[in-house]
1. Ranked by accessible surface with a 1.4 Å probe, highest first, in what order do R22, R55 come?
2. Highest first, please rank the peptides 70-82, 5-17 by the mean number of other Cβ atoms sitting within 10 Å of their residues.
3. Along the charge dipole of the chain, pointing to its positive end and built from +1/-1 on Cβ of Lys, Arg, Asp and Glu, which listed residue (A86, F42, P54) has its Cα farthest out?
4. Can you tell me, using C-alpha contacts under 8 Å and at least 6 residues apart, the relative contact order of segment 53-142 as a whole percent?
5. Mind giving me the nanometre distance, one decimal, between the label points for A20 and S57, set 7 Å out from Cα along Cα→Cβ?
6. Where the centroid of each part is defined by its Cα atoms, how far is segment 70-86 from segment 93-112 in Å?
7. So, for the chain, what is the accessible surface per residue at a probe of 1.4 Å, expressed in square angstrom?
8. Tell me what the chain gives for mean residue ellipticity at 222 nm when only DSSP H runs of n ≥ 4 count, each as -39,500 (n - 2.57), the sum divided by the residue total, rounded to 500 deg cm²/dmol.
Amino acid sequence: PLGTTLEVRDRCLCLAAQRAARALARRFDAVLKPHGLTNGQFSLLMALNRPEPPRISDLAPFLAMDRTTLTAAAKVLERRGLLKTAADTRDARAKRLSLTEEGRAALRAAVPDWRAAHDALDAEIGGGDEAARLRAALMGIG
């Protein structure tokens, strides 16, 4: 019945999160497009911006991706020269991902635009404390 449809529309956190995720993805895809990146590629590269290259098996849960999807996404960026894959020196079955210099340069170029878009978004959703609470709630899911 229509009443149930309206209840789901007005109450369903999953629906609201999916709608918001798609809208945010479109917004940040547009911001990152001049840098040749999607928001997912930016997030993946940023997750590699650390002193020790992570194993795919450790990175996948952090990005809330399955290993197969992460591997496919990494291959695209590897072909572009933005990251590299290497065997783990302690476990040859495991793979580690790391940024290349080109990947670091891509991030350096994209971050100011990402930051400006995020500042605008934070202001749009209520500023510092409200944005921080929303981020904390979203990061707590999973």
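1. Largest accessible area first, the residues go R22, R55.
2. Top of the packing list down: 70-82, 5-17.
3. Of A86, F42, P54, it is A86.
4. 22
5. My value for the distance between the label points is 3.4 nm.
6. 10
7. 67
8. -21500 deg cm²/dmol
The values are calculated or read from the model by the stated rules, or taken from the named source; none is laboratory data. The shown structure was predicted, so the numbers you read here are calculated from the model rather than taken from an experiment. All Cβ positions, glycine included, derive from the backbone under ideal geometry; neighbour counts span all protein chains shown. With ligands, DNA and RNA removed, areas are computed over all heavy atoms of the protein, side chains included. Shrake-Rupley method; radii C 1.70, N 1.55, O 1.52, S 1.80 Å.
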